[in-house]
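**Student:** Sharing a structure, written as structure tokens. Questions coming.
The values are calculated or read from the model by the stated rules, or taken from the named source; none is laboratory data. These figures come from a predicted structure and were not determined experimentally. Virtual Cβ from ideal backbone geometry, glycine too; neighbours counted across all protein chains shown. The accessibility values were calculated without ligands, DNA or RNA, using every heavy atom of the protein model including side chains. Shrake-Rupley method; radii C 1.70, N 1.55, O 1.52, S 1.80 Å.
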Amino acid sequence: MSHRNRPSTEYSHPYESGTFFVQSDSIVRRIWGDADVILLVFAGSAAEFALNRAVDWLFFTGKLPADPIARLFSTVRYAQEIVFAPEQQARQAITRMGAIHGGVERKRGYQIPDWAYRDVLYMLIDYSMRAFETLHRPLTDPEREEVFRTFREVGAGMHVPDLPTTYADWQIDREAHLSRDLVYSEYTDKLFRRYREQLGGWRYDLLRQAQAVLVPEQVRSELKLPQKPWLGYSIGLYKVLNAFGLRSVTQQILLPTEYLDQIQSLDVHK
């Protein structure tokens, strides 16, 4: 029996009136309330998860291959509900995520590997930090710890076993997962073809540029992403456009204009 099906009391505590899963001054709220940062989080995750040895699970449900952009927005809604909701509502959202995955497992007849759950959790931790630092500034050590602790709590709420207990231990395990769990497969090709079909040629090229800026070397090498992406030299232009109130222009560049309202709705000011 999977550890995730066993009741767990670790990190659980009574809901308290007026408390939040993520405090109002947390760096996690700043990261997950910024539409541009979120888009980069998912650009990096889209690259890495296409290489994951468990990516075949996405093709069982069919949701991500059918419509990657729609899947991005639905995933963000879950993440933002956890980050910005009161404690009880956030924990209910975590429980729902666990139940959804459990339902998929029952339909397929076997379980998603525990290491695959950790892989996804580790991607959210890593790309949250990488995306914010790419667009804004280096995070402090306490801020990095806060990002780690928040998503570790999400994993604990889903009963994912063997989670590292400290940020330093997570860094070690993250490298181990990157070395062990990535492989270029037919699913990688299929997902990147879908990215190209939805985004069109030049936006697809821009996506690969963004991914090259963000991802670890293991991912960049497997996907043959540009070694010296020109986009890395253009972040200053992004900041200038924002300073002149042209943020929506950069968002239109990143995704087709029919998604602009949904992109802008990702901004949360709380």
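**Student:** If we count every other residue with Cβ under 13 angstrom of Gln262's Cβ, Lys/Arg +1 and Asp/Glu -1, where does the sum land?
**Tutor:** -2
**Student:** Within 9 Å, Cβ to Cβ, of Ala54, how many net charges do the neighbouring residues add up to if Lys/Arg are +1 and Asp/Glu are -1?
**Tutor:** -2
**Student:** Using a 1.4 Å probe on the protein heavy atoms, what percent of the accessible area of the range 101-164 belongs to carbon and sulfur?
**Tutor:** Carbon plus sulfur share of accessible area: 53 percent.
**Student:** Select from Val104, His136, Met123 the residue farthest towards the positive end of the dipole of the range 100-143; place +1 on Cβ of Lys and Arg, -1 on Cβ of Asp and Glu, and compute about the Cα centre.
**Tutor:** Result: Val104, furthest along the dipole toward the positive end.
**Student:** How much area per residue is accessible in the range 90-174 when the probe is 1.4 Å and only protein heavy atoms are counted (Å²)?
**Tutor:** For the range 90-174, the per-residue accessible area is 43 Å².
**Student:** Same structure again: Compute the distance from the alpha-carbon center of the range 141-187 to that of the range 94-115, in whole Å.
**Tutor:** Going from one Cα centre to the other spans 19 Å.
**Student:** Please give the net charge around Gln227, taking every other residue with its beta carbon less than 11 angstrom from that of Gln227, where Lys and Arg add +1 and Asp and Glu add -1.
**Tutor:** Local net charge: +2.
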